[in-house]
Amino acid sequence: MFAGAPQYLVSGLTQGAAYGLIGLGFTMIFNTTGIINFAQGEFVMLGGMLSVCLLGAGLPLPLAIVLACLATAAIGGLMERLAIRPIAGAPAVNAVIITIGVSILLRGGAMLAFGKDTHALPAFSGTAPILALGAAIQPQSLWVLAVTLALLAALKLFFTATIQGKAMLACSCQKKAASLVGISVARMALLSFAISGLIGATAGAILAPITMTAYDVGMMLGLKGFAACILGGLGNPFGAAAGGLVLGVLESFGAGFIASGYKDAFAFVVLLLLLFVKPSGLFGKAGVERV
Amino acid sequence: MLTLRNVDIHYGRVHAVRRVSLHVAPGEIVALIGANGAGKTTLLSAISGVERVSGGEIEFDGKRIEAEKPERIVRLGLSHVPERRLVFGPLSVADNLLLGAYTKFRRREVAADLDEIYAMFPVLRERRDQQAAALSGGEQQMLAIGRALMARPRCLLLDEPGMGLAPQVCKEIFRHVSTLRRDKGLTVLLVEQNAKSALAVADRGYVLETGRVLLSGTSEELLANHDVRRAYLGREKDN
Ligand SMILES: Nc1ncnc2c1ncn2[C@@H]1O[C@H](COP(=O)(O)OP(=O)(O)OP(=O)(O)O)[C@@H](O)[C@H]1O
Ligand SMILES: [Mg+2]
């Protein structure tokens, strides 16, 4: 009965890594601004769709992906500048509602620009599976895991070794003092939206060869990423990544051993159960408070 | 160096500061004393740009700054050590100090300044790799002051540096303030509820009551003033 386990584990980890990246995007923005950005899933969609579109325009695949990610980062930055900053000082709820509006706008725009078709990006290095540990591993799965690890390492470096990264942490824990030392809180918010755009788009681009992409994939992926970051304890970037992995694996095992039709429901059942048992998340400190 | 003219500050409909005028000359230590809710913190916040004035002018070094953003005001040479210290708790002591120099680009200068802060507060050097949140109240105050000094200010706003500290620690901090003025010509606007210890280091003082300047004068005058003694010094004898 458990013969399929290694296979499910691999596909779960792959999917989970992407959820983790999406969750990481939520966390970046939440930590710096206190806003839950419901357009995060749209960043993921844009990463996939823009890559498809640029590839179709004749660009080589790596360049198409890099440009798609950078463009999405720019869209993230613009979103902060045009939609979030004008209501600075208003309660975070207002900003959250605006992010929902932006997500609808981006989804609608993508539908108009790219149409309603589902697209697949070619796998980065072929589709000949690698047989290992009783599972057939798609090379793309390795790409997903490797890119996720690389991004996590880069973020770790950003937060621990660069002054801008430290300034962003300072903003998230103590806004007033941050502006008193000369950090522009508005600029940090912009940077966090841009980085989230970059991370989200990367997740979208590396996942597109496996799960396909379309103008409307953002909604479900965004929700999964949100679940991942709640699972990992909202506000903890590396918890979000781990939460994503846990979620992906649970989902994959649930779909494999119980019923594949309920695949999407597992994530939310698990999330609800966790919120009852340990509201601060798997990796959150109990009673952690945010100011 | 720092001049306020008829400054008004509102929080919604609360009129927290009413037509306050005061000035601080270069190299002076000026105390701002007053009871809870008098508007001291509000006034400092308006000077450093984190609160907006609803009327009046604030001038620093001949430039009007009441409409400037805080990140710009630090760059002009005015740093604010906020009430309750507001250290970056999850970050290390060293990173807190480094962020104090966020506006400075010359890395070599920053390293030298860091050494100077560590020399002034050796305990910070010992604990440089610890989280700021793990420091004691007095150490956090030293960190907050060190962080502000890393920006190389010419004028320092200090909001209740002695709050919650043992008298001994409080005294040590005031001693550092005097030293900074003597050695670097630092100008200081010092907010305190403890009028006696504040006026002991200050040259002059202002007494703020419900948002208004009630009295001003040299430290000796204020210490000798009957109202000040009754309102701010008598109370200290009780506790
Ligand atoms: N963020 C705020 N929103 C609304 N009212 C405020 C706010 N901050 C301060 N106030 C009000 O403004 C007035 C002045 O407060 P402020 O904090 O400046 O006093 P303070 O002199 O610093 O007092 P303390 O000695 O207790 O620190 C008080 O009436 C206070 O209730
Ligand atoms: Mg105060």
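Identify, from the list B:E109, B:E71, B:E51, B:E83, the residue that is acidic (D, E), surrounded by 16 or more Cβ atoms within 10 Å (Cβ to Cβ) and more than 16 Å from ligand 1 (Cβ to nearest atom).
B:E71
Considering only region A:262-274, I want to know if a residue exists there that is charged (D, E, K, R) and modelled with pLDDT under 90.
Yes, the conditions are met somewhere in region A:262-274.
Return yes or no: is B:D95 crowded, with 17+ Cβ neighbours inside 10 Å, more than 16 Å from ligand 1 (Cβ to nearest atom) and either farther than 17 Å from A:T160 by Cβ or away from every other protein chain (no Cβ under 14 Å) (or both)?
So B:D95 does not fit the description; no.
Filter region A:175-222 down to residues that are farther than 30 Å from A:L55 by Cβ and in contact (Cβ under 8 Å) with a residue 12 or more places away in the chain and give me whichever is nearest to the other protein chains (Cβ to nearest Cβ).
If we take residues in region A:175-222 being farther than 30 Å from A:L55 by Cβ and in contact (Cβ under 8 Å) with a residue 12 or more places away in the chain, then A:I183 is nearest to the other protein chains (Cβ to nearest Cβ).
Quick one: in region B:200-223, of everything that is under 17 Å from the mean Cα position of the chain (by Cα) and within 16 Å of ligand 1 (Cβ to nearest atom), which residue is surrounded by the most Cβ atoms within 10 Å (Cβ to Cβ)?
B:G205
Please go through region B:129-151 and give me each residue that is away from ligand 1 (no atom under 16 Å from the Cβ) and surrounded by fewer than 18 Cβ atoms within 10 Å (Cβ to Cβ), ordered by number.
Of everything in region B:129-151, those that are away from ligand 1 (no atom under 16 Å from the Cβ) and surrounded by fewer than 18 Cβ atoms within 10 Å (Cβ to Cβ) turn out to be B:D129, B:Q130, B:Q131, B:A133, B:A134, B:S136.
Kindly indicate whether B:P82 is over 20 Å from the mean Cα position of the chain (by Cα) and either of a type outside the set (D, E, K, R) or over 14 Å from B:R147 (Cβ atoms) (or both).
When the stated conditions are applied, B:P82 does not pass them.
Taking only pairs six or more apart or across chains, which ones have beta-carbon atoms under 9 Å, a first residue in region B:138-162 that is within 16 Å of ligand 2 (Cβ to nearest atom), and a second residue that is basic (K, R) and in a helix (DSSP H, G or I)?
Pairs that qualify, where the first residue is within 16 Å of ligand 2 (Cβ to nearest atom) and the partner is basic (K, R) and in a helix (DSSP H, G or I), are B:D159/B:K40; B:E160/B:K40; B:G162/B:K171.
Check off (1) within 19 Å of B:T41 (Cα to Cα); (2) in contact with an Asp or Glu (Cβ under 6 Å, 6 or more places away or on another chain) for B:D203 and give me the number that stays unchecked.
Only one criterion in (1) within 19 Å of B:T41 (Cα to Cα); (2) in contact with an Asp or Glu (Cβ under 6 Å, 6 or more places away or on another chain) is unmet by B:D203, namely (1).
Return yes when B:R182 is without any contact (Cβ under 8 Å) to a residue 12 or more places away in the chain and at negative phi and no when it is not.
Taking the combined requirement at face value, the residue satisfies it.
Select, from B:G77, B:G34, the only residue that is within 13 Å of ligand 2 (Cβ to nearest atom) and in contact with a Phe, Trp or Tyr (Cβ under 9 Å, 6 or more places away or on another chain).
B:G34
Can you tell me which residues in region B:1-43 are surrounded by fewer than 18 Cβ atoms within 10 Å (Cβ to Cβ), β-branched (V, I, T) and more than 9 Å from ligand 1 (Cβ to nearest atom)?
Residue satisfying the conditions is B:T3 alone.
Mind telling me which of the residues B:E126, B:E160, B:E172 ends up being away from every other protein chain (no Cβ under 11 Å) and closer than 17 Å to B:V30 by Cα?
Within the list B:E126, B:E160, B:E172, the selection yields B:E160.
Working only within region A:144-174, note down all residues that are more than 14 Å from chain B (Cβ to nearest Cβ) and surrounded by 18 or more Cβ atoms within 10 Å (Cβ to Cβ).
Answer for region A:144-174, where residues must be more than 14 Å from chain B (Cβ to nearest Cβ) and surrounded by 18 or more Cβ atoms within 10 Å (Cβ to Cβ): A:V144, A:L145, A:V147, A:T148, A:L151, A:L152, A:L155.
Against the conditions (1) in contact with a Ser or Thr (Cβ under 7 Å, 6 or more places away or on another chain); (2) within 14 Å of chain A (Cβ to nearest Cβ); (3) under 28 Å from B:L214 (Cβ atoms); (4) of a type outside the set (V, I, T), where does B:Q131 fall short? Just the number, please.
In the conditions (1) in contact with a Ser or Thr (Cβ under 7 Å, 6 or more places away or on another chain); (2) within 14 Å of chain A (Cβ to nearest Cβ); (3) under 28 Å from B:L214 (Cβ atoms); (4) of a type outside the set (V, I, T), B:Q131 misses (3) alone.
Taking into account only those residues within region B:37-74 that are facing chain A (nearest Cβ under 10 Å) and away from ligand 2 (no atom under 16 Å from the Cβ), which is farthest from A:G182 (Cα to Cα)?
By that ranking, first place goes to B:G49.
Restricting attention to helices (runs of 4 or more DSSP H) lying wholly within region B:123-215, give those where 1 or more residues are under 13 Å from B:I33 (Cα atoms).
The qualifying helices (runs of 4 or more DSSP H) are B:195-201.
Only one of these is without any contact (Cβ under 8 Å) to a residue 40 or more places away in the chain and among the hydroxyl-bearing types (S, T, Y): A:T160, A:T118. Name it.
Only one candidate passes the filter, namely A:T160.
Given the structure, is A:I206 part of a loop (DSSP other than H, G, I, E, B) and buried (at least 21 other Cβ atoms within 10 Å of the Cβ)?
Taking the combined requirement at face value, the residue does not satisfy it.
Looking at (1) under 25 Å from B:T103 (Cα atoms); (2) in contact with a helix residue (DSSP H, G or I) (Cβ under 8 Å, 6 or more places away or on another chain), find the lone condition where A:C173 falls short.
(2)
Going by what's in this entry, would B:V87 be described as within 13 Å of another protein chain (Cβ to nearest Cβ) and out of contact with any His (no Cβ under 8 Å at 6 or more places or on another chain)?
yes
The values are calculated or read from the model by the stated rules, or taken from the named source; none is laboratory data. The structure displayed is predicted, hence computed values, not measured ones. When we count neighbours, we look across all protein chains shown, and the Cβ atoms used for this are built from the backbone with ideal geometry, even at glycine.
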